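Colleague: Below is a structure I'd like to ask you about.
The values are calculated or read from the model by the stated rules, or taken from the named source; none is laboratory data. These figures come from a predicted structure and were not determined experimentally. Please note: Cβ atoms are built from the backbone with ideal geometry, for glycine as well, and neighbour counts cover all protein chains shown.
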Amino acid sequence: MTAVLIVTGGSRGIGAATAKLAGQRGYAVCVNYRSDDASAAAVVTAITADGGRAIAHRAANHDEAAVVAMFERVAEELGPPTHLVNNAGIPGRIGRVEALDLAMLRDVLEVNVVGTALCAREAVRRMSTAHGGRGGAIVNVSSLAAVTGSPNELVHNAAAKGAVESFTLGLAREVAQEGIRVNAVSLGLMATEIHAEAGDGERLQRYAGRMPMARAGQPEEAAEAILWLLSDTASYTTAAILPVSGGR
């Protein structure tokens, strides 16, 4: 049977790279996205142009009804979901804790933590052998900030990613005997739009030279790690937090 993958935040950056690579490797892919119709459509076009199967589905990952509808559509059009990449995330704005804006803080937690948990819940309900599923794999996208704390910049995002990693460990052990593996990648400095989104378009250039490998990682490099964790070659790997950080 076809492996069916949902990639949240799949319209750009690491999500787009993951969706494209998965399509090349035979997954039927749902490209989930929040607002950028054109970018999501471009990812689907890239997958189908290579002979793969893909759909785009617009839904906020922390909207319960929208998430349920997405999983139901995927089951109808692509087949029962067997894999999930919880990639959707926002950094919030760079700044110290005493300058935190409440609305921004809530959005960061909703997207990064609530969204990850909601999508994982729906995946487990469909994949778990305890619920009649055929098993599967979940990969959550985290950040090295969960360990460093990202002081003076993104403590709020670091806290959210710390929650994602705790959730990963707990869920992995909860469903380990139900055919589902749950892991996370802990990303270091990556060459994506996230830095400009956080309010510092020069951050990537400023930090890249400080990395042990003296460069930022590329989305495709993160995608390779994610696809390994999804694959059967990682069949004895669960509850792992895999650093993809250039040695940092």
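Colleague: Considering the stretch 30-61 alone, what residues qualify as being of a type in the set (Lys, Arg) and over 19 Å from the mean Cα position of the chain (by Cα)?
Modeller: Scanning the stretch 30-61 gives a single hit, Arg53.
Colleague: Right, next: Does Gly13 satisfy the criteria of being closer than 15 Å to Glu193 by Cβ and either surrounded by fewer than 24 Cβ atoms within 10 Å (Cβ to Cβ) or in contact with a Leu (Cβ under 6 Å, 6 or more places away or on another chain) (or both)? Walk me through it before giving the result.
Modeller: Working: closer than 15 Å to Glu193 by Cβ: yes; either surrounded by fewer than 24 Cβ atoms within 10 Å (Cβ to Cβ) or in contact with a Leu (Cβ under 6 Å, 6 or more places away or on another chain) (or both): yes.
Yes; evaluated as a whole, the condition is true for this residue.
Colleague: Then there's this: Return the residues of the stretch 189-248 that are at pLDDT 95 or above, among the β-branched types (Val, Ile, Thr) and in a loop (DSSP other than H, G, I, E, B); say none if nothing qualifies.
Modeller: Thr237, Thr238
Colleague: Is there any pair with a first residue in the stretch 151-167 that is among the aromatic types (Phe, Trp, Tyr) and a second that is modelled with pLDDT of 95 or more and in a helix (DSSP H, G or I) whose Cβ atoms are under 8 Å apart and which are 6 or more apart or on different chains, and what are they?
Modeller: From residues that are among the aromatic types (Phe, Trp, Tyr), the pairs are Phe167/Val113; Phe167/Thr116; Phe167/Ala117; Phe167/Ala120.
Colleague: Restrict the check to the stretch 138-158 and report whether at least one residue is in contact with a Cys (Cβ under 9 Å, 6 or more places away or on another chain) and closer than 26 Å to Ala19 by Cβ.
Modeller: The initial filter retains those residues of the stretch 138-158 that are in contact with a Cys (Cβ under 9 Å, 6 or more places away or on another chain), namely 138.
So of that shortlist, the ones also closer than 26 Å to Ala19 by Cβ come out as 138.
Yes: the stretch 138-158 contains one or more residues that are in contact with a Cys (Cβ under 9 Å, 6 or more places away or on another chain) and closer than 26 Å to Ala19 by Cβ.
Colleague: Then there is this: Could you list all residues from the stretch 195-218 that are touching a helix residue (DSSP H, G or I) at 6+ places or on another chain (Cβ under 7 Å) and under 16 Å from Leu242 (Cβ atoms)?
Modeller: none
Colleague: Taking the stretch 172-188 as the search range and keeping residues that are outside any strand (DSSP E or B) and under 17 Å from the mean Cα position of the chain (by Cα), which one is modelled with the highest pLDDT?
Modeller: Looking only at the stretch 172-188, we keep the residues that are outside any strand (DSSP E or B), and these are 172-179, 188.
In the following step, the residues that additionally are under 17 Å from the mean Cα position of the chain (by Cα) were identified as 172, 188.
Values: Ala172: 99, Gly188: 90.
Out of the qualifying residues, it is Ala172.
Colleague: Of the residues that sit in the stretch 204-234 and are without any contact (Cβ under 8 Å) to a residue 60 or more places away in the chain and in contact with a Gly (Cβ under 8 Å, 6 or more places away or on another chain), which one is surrounded by the most Cβ atoms within 10 Å (Cβ to Cβ)?
Modeller: Result: Gly217.
Colleague: Given Gly201, Gly247, which one is surrounded by fewer than 20 Cβ atoms within 10 Å (Cβ to Cβ) and on the phi > 0 side of the Ramachandran plot?
Modeller: Criteria check complete, one pass: Gly247.
Colleague: Right, Thr192: among the polar types (S, T, N, Q), farther than 15 Å from Ala240 by Cα and touching a residue at least 60 places away in the same chain (Cβ under 8 Å) or not?
Modeller: Values: among the polar types (S, T, N, Q): yes; farther than 15 Å from Ala240 by Cα: yes; touching a residue at least 60 places away in the same chain (Cβ under 8 Å): yes.
When the stated conditions are applied, Thr192 passes them.
Colleague: Among the residues of the stretch 147-184, which ones are of a type in the set (Gly, Ala, Ser), surrounded by fewer than 22 Cβ atoms within 10 Å (Cβ to Cβ) and within 24 Å of Asp107 (Cα to Cα)?
Modeller: Gly149, Ser150, Ala158, Ala159, Gly162, Ala163, Ser166, Gly170
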